[in-house]
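Peer 1: Provided herewith is a single structure, encoded as structure tokens, for subsequent inquiry.
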Amino acid sequence: MKIVVLTGSPNKNGTSFYLADKFIEGATGAGHAVKRFDAAFMDVNFCQACNYCLSHGNVCVYKDDFVPLRDAMYDCDLIAFVVPVYFFTFPAQFKKVLDRFHAFFRTWRGTDKKMLLITTSADERPSAVEVIKAHYDRIVNYVHWQSAGELFALGVSNREALLKTDYPQKAKELGESLK
């Protein structure tokens, strides 16, 4: 299986970065090919809703770091979002990239792709991830894809707290379990 991992954290020493590493470790160990893109470190323009893409074969007017991500997503079987919760939603760095899906996502409706969500939150209450989960569910529903799994790592404000949990092992096992 070809997998694209899209992270959202600007903190390379943070919890979601670590879970992305563990998920990738599990997936590659199971024989899957993985390409990782870290939204916070990509040079990506904001979507301007100019709709250039609608009349130009789903190609965005911008030629930036989104192009290799888009090409990898066209070629993949599964897209994994690995993000921390920032004020009860996706980090802005991730949302900036996600908004650019406007250029082609509707053309993928009904294709055979899968999605997966891993998110981390300092808050230990399940309500902390409700907005991200609802957004993810809406995307999966819109494109008629299959959700390949979800992992919500709650109560992990930093890597030290994360390492005291079984979430890293669960992320690795999620990667290993993909079919």
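The values are calculated or read from the model by the stated rules, or taken from the named source; none is laboratory data. On a predicted model such as this, the values are computed, not experimentally measured, just so you know. Virtual Cβ from ideal backbone geometry, glycine too; neighbours counted across all protein chains shown. All accessible areas refer to the heavy atoms of the entire protein, side chains included, with ligands and DNA or RNA removed. Shrake-Rupley method; radii C 1.70, N 1.55, O 1.52, S 1.80 Å.
Peer 1: Tell me, what is the percent relative contact order of the chain, built from C-alpha pairs under 8 Å that lie six or more residues apart? Please report the intermediate quantities before stating the final value.
Peer 2: On the way: 330 pairs, mean separation 56.5, N = 179.
After rounding, I find 32 percent.
Peer 1: As a test of reading the structure, rank 160, 173 by solvent-accessible area (1.4 Å probe, protein chains only), most first. Numbers along the way, then the final one.
Peer 2: On the way: 160 130, 173 90 Å².
Ranked list, largest accessible area first: 160, 173.
Peer 1: Could I ask something else about it? Got a sec? What order do 159, 70 fall in by accessible area at 1.4 Å, biggest, i.e. largest, first? Write out the running numbers ahead of the final one.
Peer 2: Working: 159 65, 70 35 Å².
Largest accessible area first, the residues go 159, 70.
Peer 1: Of 80, 69, 11, which is farthest towards the positive pole of the chain's charge dipole, taken about the Cα centre with +1 and -1 on the beta-carbons of Lys, Arg and Asp, Glu respectively?
Peer 2: Selected residue: 69.
Peer 1: Just how large is the dipole of the chain about the Cα centre, in debye to the nearest 20, putting +1 at every Lys and Arg Cβ and -1 at every Asp and Glu Cβ? Please report the intermediate quantities before stating the final value.
Peer 2: Numbers: 22 positive and 20 negative charges, 53 e Å.
Magnitude of the dipole: close to 260 debye.
Peer 1: Rounded to the nearest 0.05, what FRET efficiency is calculated for residue 25 and residue 64 with R0 set to 45 Å and r the Cβ-Cβ distance? Mind dumping the intermediate values first?
Peer 2: Numbers: r = 29 Å, r/R0 = 0.65.
Efficiency at R0 = 45 Å is approximately 0.95.
Peer 1: Could you give me the percent of Cα pairs per 10 Å distance bin for region 16-151, shortest bin first, beginning at zero and ending with the bin that holds the maximum distance?
Peer 2: 11, 40, 39, 10, 0
Peer 1: At 1.4 Å probe size, with the rest of the protein present, what percent of the exposed accessible area of region 31-172 is carbon and sulfur atoms? Mind showing how you got there, number by number?
Peer 2: Details: 3680 of 7100 Å².
Heavy-atom surface of region 31-172 belonging to carbon and sulfur, 1.4 Å probe: 52 percent.
Peer 1: Using a 7 Å offset from the Cα along the Cα-to-Cβ direction at both residue 141 and residue 107, what is the distance between the two label points in nm, to one decimal?
Peer 2: Once both label points are built, they end up 2.6 nm from each other.
Peer 1: Here is a further query. Quick one: what are the phi-derived ³J(HN,Hα) couplings along region 116-121, Karplus 6.51/-1.76/1.60 with θ = phi - 60°, whole Hz, x for glycine and proline?
Peer 2: Rounded to whole hertz, the list is 8, 10, 10, 9, 10, 8.
Peer 1: From the Cα trace of region 1-50, what convex hull volume per residue do you get, rounded to a whole Å³? Let's see the in-between values first.
Peer 2: Details: hull volume 4.2 nm³, N = 50.
Convex hull of Cα atoms, per residue: 84 Å³.
Peer 1: A further question follows. So for each of 123-133, 51-61 I average, over its residues, the number of other beta carbons within 10 Å; can you give me the resulting order with the highest mean first? Write out the running numbers ahead of the final one.
Peer 2: Numbers: 123-133: 15.0, 51-61: 13.4.
Averaged packing, sorted descending, gives the order 123-133, 51-61.
Peer 1: Another one. When ligands, DNA and RNA are left out and all protein chains stay put, how many square angstrom of accessible area per residue does the chain have with a 1.4 Å probe?
Peer 2: On the way: 8590 Å² over 179 residues.
Heavy-atom SASA per residue in the chain reads 48 Å².
Peer 1: By DSSP, what percent of the beta bridges with both residues in the chain are antiparallel, rounded to the nearest 5? Write down the numbers at each step before the final one.
Peer 2: On the way: 1 of 26 bridges.
Once the DSSP bridges in the chain are tallied, antiparallel ones form about 5 percent.
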